[in-house]
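Every number here is computed from the coordinates shown, using simple stated rules; none is lab data. In this text the structure is predicted, and so the values were computed from the model without any measurement. When we count neighbours, we look across all protein chains shown, and the Cβ atoms used for this are built from the backbone with ideal geometry, even at glycine.
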Amino acid sequence: MALYPDPNDPYPLDHYDRLCFLKNIIDNPNIIVGDFTYYDDFENPKNFENNVLYHFDFIGDKLIIGKFCAIASDVKFIMNGANHPLNYFTTYPFSIFGHAWENTMSVSGTSKGDTVIGNDVWLGYNALIMPGIKVGHGAIIAANSIVTKNVDPYTIVGGNPAKLIKKRFEDEVINLLLELQWWNWSIEKITDSIRILCSNNLEKLETLFIN
C-alpha cells in the first residue's frame, strides 16, 4: 500500500467519484492548481470550470490555486471579464459590439489582476470570490460568503460582503506556519509530520524547524 495518495490520480477515493484532485481535470491553461487540492461537487466535479465565470481568453487573467486546498461544491470565481469601467461616464461596454464602437473601452483598465488562492485554504460551500482577490495561506472562507477584499493568512472570514470573523491562531503560531511553508516540503516529509500538522501542539510544531 502506498504511503500517500497519488497527486496525479484524478479520483483518489475508491468508489467515490464526486471528489477529485482538481489539477487533473482542468483543461484551461489559465487555471493553475497545486498538488492535492481537491474539489467535491454534489453532482460532478467536472463542473468546476463552469464555476469560473467570465474567464475570457482575450483578457488573460489567471486563477491560481495553491496546494492542499479544500474546495466545496458550488464555489464560484468571478473573473475580470465581468468588470465594467467605473471611471467612465457610462459603464456600458460599447466596444465588445464592434463596428464604430470598437476600441472605446480599455480591457486593462477594468482588470484587477489574477485571482490567487494560497495553500491550505478551505473554501466553503457556495462561496463566491470576486476578481483579483488574494486569499492568504491557511485561510477559511465560510459557506455562502462573497469575498470582495483580500483575505489575510490564517483568518476566517464570512458574510456578504465577507468580513473577518477571527484569526485561527495567535500571531506567533501564524508566523511559525508561514515560515515553515510545510506545503512546499517533500511529500515524504509531510507524511512523516502529519501527526504534528494534524494537531494544535505548538511545542511539537516548533520541532519541525529542527527536522
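In this structure, residue 59 qualifies as part of a loop (DSSP other than H, G, I, E, B), out of contact with any Leu (no Cβ under 9 Å at 6 or more places or on another chain) and of a type in the set (Val, Ile, Thr).
Within segment 77-106, residues that are free of Cβ contacts under 8 Å to residues at least 40 places away in the same chain reach partners that are among the acidic types (Asp, Glu) with beta carbons closer than 7 Å, at six or more positions or on different chains, in the pairs 95/102.
Residues of segment 23-39 that are of a type outside the set (A, V, I, L, M, F, W, C) and not in a helix (DSSP H, G or I): 27, 28, 29, 30, 34, 35, 37, 38, 39. The set of residues in segment 120-156 being in a strand (DSSP E or B) and among the charged types (D, E, K, R) consists of 134 alone. Residues in segment 2-22 that are in a loop (DSSP other than H, G, I, E, B) and closer than 15 Å to residue 125 by Cα: 18 only.
Of the numbered criteria (1) touching a strand residue (DSSP E or B) at 6+ places or on another chain (Cβ under 8 Å); (2) part of a helix (DSSP H, G or I), the one residue 96 fails is (1).
Residue by residue, here is whether (1) over 18 Å from residue 118 (Cα atoms); (2) among the hydrophobic types (A, V, I, L, M, F, W, C); (3) buried (at least 16 other Cβ atoms within 10 Å of the Cβ) holds:
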residue: 147; (1), (2), (3): no, yes, yes
residue: 157; (1), (2), (3): no, yes, yes
residue: 165; (1), (2), (3): yes, yes, no
residue: 172; (1), (2), (3): yes, no, no
residue: 178; (1), (2), (3): no, yes, no
residue: 183; (1), (2), (3): no, yes, yes
residue: 188; (1), (2), (3): yes, no, no
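Of the residues in segment 118-128, at least one is β-branched (Val, Ile, Thr) and surrounded by 17 or more Cβ atoms within 10 Å (Cβ to Cβ). For segment 40-56, filtered to residues that are assigned to a loop (DSSP other than H, G, I, E, B) and surrounded by fewer than 16 Cβ atoms within 10 Å (Cβ to Cβ), the residue that is nearest to the chain's Cα centre (by Cα) is 54. Residue pairs whose Cβ atoms lie under 7 Å apart, separated by 6 or more positions or on different chains, with the first residue in segment 117-143 and over 15 Å from residue 167 (Cβ atoms) and the second of a type in the set (Lys, Arg) and part of a loop (DSSP other than H, G, I, E, B), are 119/67; 131/112; 132/112.
Hey, can you tell me all the residues within segment 193-211 that are closer than 26 Å to residue 7 by Cβ, of a type outside the set (A, V, I, L, M), part of a helix (DSSP H, G or I) and in contact (Cβ under 8 Å) with a residue 12 or more places away in the chain? If the condition is that a residue be closer than 26 Å to residue 7 by Cβ, of a type outside the set (A, V, I, L, M), part of a helix (DSSP H, G or I) and in contact (Cβ under 8 Å) with a residue 12 or more places away in the chain, then 193 is the only one that fits. Checking each residue in segment 61-117 for being touching a Ser or Thr at 6+ places or on another chain (Cβ under 8 Å), over 23 Å from residue 35 (Cα atoms) and of a type outside the set (A, V, I, L, M) picks out 80, 83, 84, 85, 94, 95, 101, 102, 103, 104.
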